[in-house]
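The values are calculated or read from the model by the stated rules, or taken from the named source; none is laboratory data. Remember, it's a predicted structure, so these values are computed and weren't measured experimentally. Here the Cβ positions follow ideal geometry from the backbone for every residue, glycine too, while neighbour counts run over all protein chains shown. We work out accessible area using only protein heavy atoms, side chains counted, and drop any ligands, DNA or RNA first. Shrake-Rupley method; radii C 1.70, N 1.55, O 1.52, S 1.80 Å.
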Amino acid sequence: MLGDSILTKVWEIADSYYPRHDWTHGRNHIERVLRMAKEIGKQENANLEIIELAAILHDIFENREAHSNIGGFRHEIEGSNEARRILTKVGAAESTINGVCHCIESHRKRSGIIEPQTIEAKCLFDADKLDCIGAIGIIRSTFVSFDHQQEFYREEKDLEAYKHRNLRRDGTIIDYAQHSSNLEYELSLKDVAKRMYTETGKKLANERSAFMDEFYSRLREELQGTL
């Protein structure tokens, strides 16, 4: 069993990496993903200790990537390496560390090179993606747009031309200021439900995705003055 002292130490260390009032990738996001990942893990008979540690640490370098805009910096890879150092320092077992690090390095949908192989990694992936869609996903998109000084809704008649102009080959964004909530939805979020690994995640994602589809459809109609 995972000792309370290890978990407490990991939370104390991880807390310094996360902005507390950031709904996109701050402490709020981590707590939501943690709750969801554990619920999915219970349904999928996964190792909840690995899931808990991975959920706490999975985005420790996301804020650095998002605001540095350094090409080639991948928060899932760098975060996995940092998590290994943290977990080694607090005395976690090697098997636990390996399991957690795989969860972190494979949790990303946009530029994920490493696919989740274990049930724990699949549970974390699904929980993290569920937080991108549905009502929460809409709120997070608002925070991202505000944080990067974007327009919330931006018309792009030629999405392929936009992708060529502002997305790298791996799908990461070049200039966040040119992006928007609806473009993120069109180019990424509307397909999240198709990416789920677990049966529990698929069911929840379909429900959340339908809500998000309805929102952006209505938003488009209201902005165009047809509704």
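Assorted remarks:
- If you go through segment 96-119 and pick out every residue that is open to solvent by less than 50 Å² (accessible area, probe 1.4 Å) and of a type in the set (Lys, Arg), you end up with 2.
- Residue count for segment 75-95 under the criterion of being over 16 Å from the mean Cα position of the chain (by Cα), among the acidic types (Asp, Glu) and crowded, with 17+ Cβ neighbours inside 10 Å: the result is 1.
- All of Arg169, Arg195, Arg165, Arg208 fail the test of being of a type outside the set (Val, Ile, Thr) and touching a Leu at 6+ places or on another chain (Cβ under 9 Å), apart from Arg208.
- Qualifying residue in segment 174-192 (condition: open to solvent by 60 Å² or more (accessible area, probe 1.4 Å) and either within 30 Å of Ile40 (Cα to Cα) or among the basic types (Lys, Arg) (or both)): yes
- Among the residues of segment 160-173, those that are open to solvent by 50 Å² or more (accessible area, probe 1.4 Å) and outside any loop (DSSP other than H, G, I, E, B) comprise Glu160, Lys163, His164, Arg165.
- From Lys157, Lys129, Lys122, residue being in contact with a Pro (Cβ under 7 Å, 6 or more places away or on another chain) and either surrounded by fewer than 19 Cβ atoms within 10 Å (Cβ to Cβ) or part of a helix (DSSP H, G or I) (or both): Lys122
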